[in-house]
Every structure is written in structure tokens, then in C-alpha cells.
């Protein structure tokens, strides 16, 4: 089998580390370039001893120079870079013939005005937005297969969208009543020095943040609106909890008049039948982060409260797995005609 020459740009952060873990063991990938301004010149196995003796661990970190990346023969590049930074190198790599999978927010939003509203600066490459595909494999597999630029979804949006989209498409719930509460491990904030993220600040503590307008709300509302066929505005309250990784999300919405509760389970079963990374727990199933961390699975359960006529959707995923690196690899597999599960069947 001819392995696909692949680069990771920004390989020293948490999402980059997850991409390394997955791609070093991927049967269809030859890792040919890893970049980091901070670690340039150091061997991969030196920076991350856990990868010593893995095939490819002898690679040396290089600067994120598009010409140097292209010179390795890379056919695809994963960008694990901050928003606002990824767009420039994405453009350069696309011009050099690479397929690009961007884990930042730079290409997730179709409207540059919404990007500026939520991210606080003008969009860095609005001309590339039309060609970008929002990389939710369970929803846009065919578009992903034909794409050159993938905007991989955020971690919170993945945990909220997958349970909700089938219900909105089926006109089962009142979109005006949607409220999503999410809890994320500390790795979701990135690998950076920050007083609020120190062990003593996070351990034995839980707190809401980013209220009332977390940046991920922009892509959540965009995708829900597409599914509903009308503008959807929701309440989203994220929380930081003292675990390394994992997201648990509970979303509620009122069932529309005349809809039987059983329609919820039926819609989810129909939407995700045969989808390898969605595990449906059924009515009363409460998703647990311990069952999904270090995997590419999302677990989804649901319940119905007849007192309030509210549907309760419960999901769990790994924020740097299905919420970041794993999902991007899933899209990569689709783009290159590989099995969707290649490199991702870990339990």
C-alpha cells in the first residue's frame, strides 16, 4: 500500500500530540514533516519521549515554512494552530498542491462578519471560505471526500451538534428552547502557561466560563440553522472541570406538540446507523467521559421529561480525540479513499 505523505503543522500542542499519536500508528500514513517554532531542530522522540522507537520518531521538528513542508513531498497537512494563524499557512500549502485539514476556527464559519464578531478581528482569508468543508464526517462525508480544505469542527460543537441535528432535521423539537451545558477537561484550553489553568487552580474545582457568548457558539448556531432551515439561536454554557480530557454535554429542548418521545430514539438510530464512531446508548443512557477518552467515539443517550416536555440529550467525547485530532483523521481517511476507521480503532 502506498502510504500518504503527511505533515503536522503545530505538532507540539495537545491537539498536535494527539495527531502524532494517531498518525505515527496509522497504516496509510507516512509522516514526513512536523513543525514547531519552539521545538525546531529537536528530534520528535526527544521532545515527546513517549514516541521513542515509534516509526517516524527520528523526525526533526522544522519551522512552519510552506516551501520546506512541500519539499518533503507531503500530500496533506494537518494544521494544529491558533485561529488567525492557520489561514496564512493554509493558503500557502493549498497553492503548493497539498490537501489541508485545519483544526483551528479559521474556516468553520461561512460568513466572515460572524467570524469577526466572535473572534475579534477581520477574517484572514475570506476568499477561501467558499471552498472549505465543515468536517463533520457523520453529516458531510461526501463533501469531505471531494474537498481540498477541511475545517475540522470544534470540540464543544461536535458534542452538541451530533445529538441535535437529526432532531432539527426531523422537526421534532422547538429550536427556540435549546439550552446546552458542557463540561470540558483542562486540555481543551490548550498547552500554554496560564495562571487559571495551573493544577492548584483547577483541581477540586469546577466553573463556568465564556458566558454568555463562547466562540464556539458561532459554529453551533450556524450548523443548527442549516439543519433547521431557519435561524437558530441557543444558550450555551461551557464549564471547566478538573480532568485532563473529555467533554460531557447535556442539551435540552422542548418536544413539539404532537411528537411522541419515541421519535427521538428513532431519529438518532436512523441518522447514525452504520456510523462507526457514534455509539447510541438509547433512552435512559447517560454518557460517561471515562468510556470515550483516548478514542474517537462519541456516546449519545437521551431521556424525556413529561413534566416539562423536554428532551434531554446526553453526550460524551474526548475533546482532543473526536473533538479535535481523531475527527480530523477521520476526515483525512475519507479524503484519501481509506477506510474511515483506519488508525482510529482504539478502545
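Throughout, read-outs are computed from the coordinates displayed, never taken from laboratory work. Treat the numbers as computed from the prediction; the structure is a model and nothing was measured.
Here are a few things to note about the model shown:
- Where Rh is the Kirkwood radius over Cα pairs, Rg/Rh for the range 1-81: 0.92
- Antiparallel bridge percentage (DSSP; both residues within the chain; nearest 5): 45
- Cα centroid of the range 90-110 to Cα centroid of the range 201-246, whole Å: 24
- Listed candidates (1) 1.37; (2) 0.94; (3) 0.96 - label of the one calculated as Rg/Rh (Cα atoms, Kirkwood Rh): (3)
- Summarising the overall dimensions of the range 35-159 from its C-alpha atoms, the Rg and Dmax are 15.8, 47 angstrom.
- Where only C-alpha atoms are counted, convex hull volume of the range 141-245 per residue in Å³: 126
- Kirkwood Rh in Å, taken over the range 156-318 so that all alpha-carbon pairs contribute: 16.3
- Bridge orientation summary for the range 156-318: considering DSSP beta bridges with both residues in this region, about 70 percent are antiparallel.
- Cα-based helix-to-principal-axis angle, 262-272 vs the chain, degrees rounded to 10: 20
- Expected 222 nm ellipticity per residue - DSSP helices of 4 or more, -39500 (n - 2.57), all of the chain, to 500: -8000 deg cm²/dmol
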